[in-house]
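One structure below.
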Amino acid sequence: MKKEAILDFFIANGGLYSTKEDEIFQHIQSQSIYEVIRVMDRIPLYLEAHLERMRKSAELLGYKILKSDQEIIDEMKKLIEANKGPEMNIKLLCSNFHEKNHLFLQYFVESHYPEEKIYDKGIHTILFHSQRENPNAKVVNLDLRKKISEKMKLEGAFEAILVNQEGYITEGSRSNIFFVKGEQAYTAPPGEVLLGVTRMRIMEICEKVGVNVIEEHIHEKEMLQMEGAFMTGTSVNVLPIHSIGNHVFTDIHHSVTEKIAQGYQADMIEYTNSCKIWSS
C-alpha cells in the first residue's frame, strides 16, 4: 500500500516513527479497516463514535481490534503533540488480522476542506453504478477507489454518488448523501450505506432542529423530483450539491439544508468546548 502519512511522525503499534520511514506501510495487507477523524483545536472530533464504528467494522468482518480505547487515545495524543497540533485529519488503520499481532497505524493525511465559495456555489457530482460488498464496514477497497477517482477526474466532479443494481442511490464514494424536498430530508436506509459518523450526528441534529428525515430508497429517476441535495463527511461537514450529472438542482441553498448546516456547525463547536474523553 502506498504511504499516506504526512508531516513529521506517525504511530505504528504504539511506537512513534518518522514519516521518512515507509517500510511499515509495505506490510499492510489488502483487507484493512480504517477511520478518518478531523482534529480541531487539538481535539479529535466525535472520537468516541469513530472508535465505536471502527470496532463494529472489525466485527462485521469477523475480527476484533486488540487495542483498548484508552490505548488508542493515548497514542493519538502522542501523535498530535509530536506533530505540533495541526488542524488536519488523522487516519486510523488496522490491518494484518491473520497475524498474531495486528498492525495498527495512526497518521495525519492530506486534508482538503472546501473553501467558502464552494459552499456558496455547491458542487458537481456524478453517478457511479456500483455498491460496496459490506456497506456497514469501512474497509479499504483500492480498486474501486481508483476507478471512481478516474471517472471523477474525467468529468470534473467533486464526488461520485453510488447507485446499486436496482438503480437506487445509496451513498457517496466518500460521503453520505441527503436529498431535500419541502420541509423534509431523505437518505438511504441504514442497511444500504456506511453509517458515517457525520451522518449519525446529522440525524441527531435534524431531530433537534425539527427536520423530519425519511430513510427510504431513492431511485436515480426520482432524484429529478427533489428540490436540493447535500453530502456529509468528515472534511466537508454539510456541503450543498449543485448538480448530479446533467441534472441541476433549483435550490442549492434550500432552507432545510441551511438549517442542518448551521446546526452541525454549532454542534462541532459545542463538542470541542465540552470534550471530556480527551482530558481524561
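Structural remarks
- Qualifying residues in the stretch 128-166 (those that are modelled with pLDDT of 95 or more and assigned to a loop (DSSP other than H, G, I, E, B)) - the one nearest to I118 (Cα to Cα): F158
- Here S18 passes the criteria (1) assigned by TED's automatic domain parsing to the domain that holds C94; (2) without any contact (Cβ under 8 Å) to a residue 24 or more places away in the chain; (3) in contact with a helix residue (DSSP H, G or I) (Cβ under 7 Å, 6 or more places away or on another chain) except the one numbered (3).
- Of all residues in the stretch 4-33, those being farther than 15 Å from L103 by Cβ and touching a Lys or Arg at 6+ places or on another chain (Cβ under 7 Å) number 1.
- Entirely in the stretch 1-59, the strands (runs of 3 or more DSSP E) that have 3 or more residues that are farther than 14 Å from E75 by Cβ and within 14 Å of the chain's Cα centre (by Cα): 33-40
- The C-beta contact set for the stretch 60-84 (first residue more than 16 Å from E35 (Cα to Cα), second residue assigned to a helix (DSSP H, G or I) and basic (K, R), distance under 7 angstrom, 6+ apart or interchain) is empty.
- If the condition is being of a type in the set (S, T, Y), over 18 Å from the mean Cα position of the chain (by Cα) and surrounded by 15 or more Cβ atoms within 10 Å (Cβ to Cβ), then the stretch 229-280 contributes S243, T257, T272.
- Of the residues making up the stretch 223-244, not a single one is farther than 24 Å from A157 by Cα and either of a type in the set (S, T, N, Q) or in contact (Cβ under 8 Å) with a residue 60 or more places away in the chain (or both).
- Matching residues in the stretch 157-201 - criterion: being out of contact with any strand residue (DSSP E or B) (no Cβ under 6 Å at 6 or more places or on another chain) and at positive phi: G182
- Selection of first residues in the stretch 164-184 that are under 16 Å from M203 (Cβ atoms) and assigned by TED's automatic domain parsing to the domain that holds K147 and of second residues that are of a type in the set (G, A, S) and surrounded by fewer than 24 Cβ atoms within 10 Å (Cβ to Cβ), restricted to Cβ pairs under 6 Å at least 6 apart or on distinct chains, gives the following pairs, ordered by first then second residue: S175/G233; N176/G196; V180/G228.
- So L93, is it outside the structural domain of R199 (by TED's automatic domain parsing) and either modelled with pLDDT under 90 or of a type in the set (S, T, Y) (or both): no
- Residues that are in contact with an Asp or Glu (Cβ under 6 Å, 6 or more places away or on another chain) and either in a helix (DSSP H, G or I) or outside the structural domain of N89 (by TED's automatic domain parsing) (or both) do occur in the stretch 239-252.
- Residue check, D74 in the same structural domain as E222 (by TED's automatic domain parsing), in a helix (DSSP H, G or I) and on the phi < 0 side of the Ramachandran plot: no
For every residue, the table says whether it meets (1) touching a Pro at 6+ places or on another chain (Cβ under 9 Å); (2) under 12 Å from S130 (Cβ atoms).
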position	(1), (2)
D143	no, yes
M152	no, no
F158	yes, no
V163	no, yes
I177	no, no
Y186	no, no
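- Options E75, E71, E81; residue that is buried (at least 16 other Cβ atoms within 10 Å of the Cβ), charged (D, E, K, R) and over 19 Å from the mean Cα position of the chain (by Cα): E75
- Qualifying residue in the stretch 186-197 (condition: assigned to a helix (DSSP H, G or I), aliphatic (A, V, I, L, M) and buried (at least 17 other Cβ atoms within 10 Å of the Cβ)): yes
The values are calculated or read from the model by the stated rules, or taken from the named source; none is laboratory data. Every value quoted in this text rests on a predicted model; they were computed, and no experiment measured them. Every residue, glycine as well, gets a Cβ built from its backbone with ideal geometry; the counts of neighbours run over all protein chains shown.
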